Every structure is written in C-alpha cells, then in structure tokens.
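Data first, discussion second: the structure below is written as structure tokens.
We did not get these values from a lab; they are worked out from the coordinates using the rules stated. Since the structure is predicted, the reported quantities are computational estimates derived from the model, not experimental observations. Glycine also receives a Cβ, built like all others from the backbone with ideal geometry; neighbour counts cover every protein chain displayed.
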Amino acid sequence: MSWSGFKKAVNRAGTTVMMKTGQIEKTVDREFELEERRFRTLETAANKLQKEAKGYLDSLRAMTAAQTRIAETIDAFYGDSGAQDGISKYYRSAVEDLDADTVKALDGPYRATVLEPISRFVSYFPDINDAIKKRNHKLLDYDAMRSKVRKLVDKPAEDVQKLPKAEEDANIAKQIYEELNNQLTAELPQLIDLRVPYLDPSFEALVKIQLRFCSEAYTRMAQVQQFLDPNTREEYAGGYLDTRVEQVLQGMRDLSITGLSAA
C-alpha cells in the first residue's frame with residue numbers, strides 16, 4: 001500500500017469510528033443495501049454450487065473406484081469357486097468397464113458444460129466485491145466531507161476560503177460516490193437476473209450427464225443380474241433371505257473348527 005493509500009485508510013477508519021459514536025452522519029441508501037444483500041445471497045449460492053459441482057465429479061470417481069476395488073476383492077474371495085459360472089469375473093468386468101468407459105468419458109463433457117461455466121460465473125465476484133468496496137470507501141469520503149462542511153457552516157473559520165474549498169471537495173466526493181453507486185445499483189440487479197439464463201444450459205447438461213451415467217450403470221448391472229439366482233429377489237422381498245443366510249451361518253457354527261472346545 002502506498003503512503004497516500006495508507007493515509008486514506010487511516011482517515012476512513014477514523015470516519016467509521018466517528019459514525020459509530022454519532023459524530024458524523026452516515027448516508028443510508030436503502031436501494032443499494034437491498035441489491036447488495038441480493039448479491040450476497042447469489043454469491044453464497046454460486047460458491048456453494050461450484051463446490052458441490054466439483055464434489056459430485058469427485059464422488060462419482062470415488063464411487064466407481066470403490067466399486068472396482070470391491071469387485072476385485074469379491075473375485076479374489078470366490079477364487080476358483082466363482083469360476084464355475086463366471087459371475088464374479090463378469091461383475092468385475094462390468095464394474096471396470098463402467099469406471100473406464102462411462103466415468104472417464106463423462107469427465108471432459110462435465111468439466112466443459114458444468115464446472116467451467118460455473119467457475120467463470122464465480123470468477124466475476126472478486127471484481128464486483130472490489131467495486132462495492134470502492135463505492136463504500138467513496139461514501140465514507142463523501143460523508144466525511146459533508147461533516148466538514150457542516151462544521152464550517154456552524155462554526156466559520158477565520159480563513160474564509162476554507163468553506164468554499166470544503167464545499168468544492170464535498171461536491172467532487174459526492175460526484176465520484178454517486179457515479180459508482182448508480183452504476184452498481186443499476187448493474188447488480190442485471191447480474192442477478194442473468195443467473196438463470198446463464199445456468200440453464202449447465203443445468204440441462206448436468207441432468208443429461210447424470211441420466212447417461214445412471215442408464216449405463218443400470219444396463220451393466222442388469223446384465224450381471226441375469227447370472228444371479230432368480231429366486232433371490234423374491235426371497236429377499238418375502239423375508240426369507242435372512243433365513244437362508246442364517247442356515248449357512250448355522251452350518252459354519254456346526255463345524256468343529258469354529259466352535260469353542262468344551263471345558
């Protein structure tokens with residue numbers, strides 16, 4: 001920060017303190033305050049959207065990676081016993097294809113149509129915040145000059161040039177402030193209104209990408225399902241699957257190697 005910038009920061013800090021103690025009257029602009037609140041709501045929602053959109057892609061990768069690992073483990077768990085009908089290997093192949101073909105194929109389109117547009121939208125916020133910060137600084141300068149003029153009117157200085165000079169400075173400060181304020185008050189609502197037409201294509205792309213992934217996953221798992229016992233689903237729905245599992249567990253308990261030897 002330059003020396004000039006440092007002095008301005010100190011003066012503005014002093015103005016802020018005097019406003020809080022009632023020594024300087026603060027300009028209230030309800031219209032701008034409303035638009036700034038609306039912008040803050042948009043900013044929060046957009047930043048969260050960017051975070052969640054990235055999280056979705058990361059989660060998709062993590063899920064298919066976990067599916068691949070569990071498929072590899074199941075295949076190894078079955079060993080030669082699973083080779084009789086090949087279901088464990090077929091399941092592993094289906095899951096690996098889903099990860100390799102579908103998720104990796106969706107990565108590029110998802111970034112191009114969802115992540116990047118959202119990130120570009122969010123990238124405008126720092127500039128807007130800088131403009132709001134500048135507007136607030138200029139308002140402090142204007143309020144400080146107004147207070148100075150009022151004090152000189154109430155208590156004239158010996159130097160008669162001080163009041164005209166202060167009035168001139170106040171008019172310049174007012175002009176600079178109003179120019180920034182009017183620009184922001186006019187353009188913030190336009191930015192907020194543009195969010196819907198801007199996001200619409202990305203929203204449509206997101207739905208289509210999710211549909212494609214879910215369809216591919218369903219198709220591949222449906223192909224695996226044909227190798228499963230057709231009675232398993234009915235038994236699960238009827239509550240009989242637990243009985244089958246318990247029967248197998250009982251058979252394991254009946255083995256002498258799993259039981260506790262009698263004392």
- request: Return the distance in nm (one decimal) between the two label points of a simple spin-label model at Met252 and Thr219, each offset 7 Å from Cα along Cα→Cβ.
  value: 3.7 nm
- prompt: Fewest first, what order do Ser59, Ser202 take by the number of other Cβ atoms within 10 Å?
  reply: Ser59, Ser202
Sorted by Cβ neighbour density within 10 Å, fewest at the top, the residues Val224, Val95, Val153: Val153, Val224, Val95
- line: Going residue by residue through the range 70-75, the Karplus relation 6.51 cos²θ - 1.76 cosθ + 1.60 with θ = phi - 60° gives ³J(HN,Hα) values, rounded to whole Hz and with x marking Gly or Pro, of 5, 5, 4, 5, 5, 4
query: Taking a ≥ b ≥ c as the square roots of the eigenvalues of the Cα gyration tensor of the range 12-228, is the shape rounded (a/c under 1.5), prolate (a/b larger than b/c) or oblate?
result: prolate
- prompt: Can you give the extra length, in nm with one decimal, that the chain gains between Val207 and Glu158 once fully stretched, where that is 0.36 nm per residue apart less the Cα-Cα distance?
  reply: 10.3 nm
message: Can you tell me the length gained on complete extension of the stretch Ile70 to Glu178, counting 0.36 nm per residue apart and subtracting the Cα distance?
response: 32.5 nm
- prompt: Once you sort the root eigenvalues of the Cα gyration tensor of the range 120-196 as a ≥ b ≥ c, which label holds: rounded (a/c under 1.5), prolate (a/b larger than b/c) or oblate (the other case)?
  reply: prolate
- request: Report the local net charge at Ile74: Lys and Arg +1, Asp and Glu -1, summed over other residues whose C-beta lies under 11 Å from its C-beta.
  value: +1
- request: Given a cut-off of 28 Å, name the pairs among Lys138/Lys165; Lys134/Lys165; Lys54/Lys134; Lys51/Lys133; Lys48/Lys133; Lys54/Lys138 whose C-alpha atoms lie farther apart than that in the structure shown.
  value: Lys54/Lys134; Lys54/Lys138
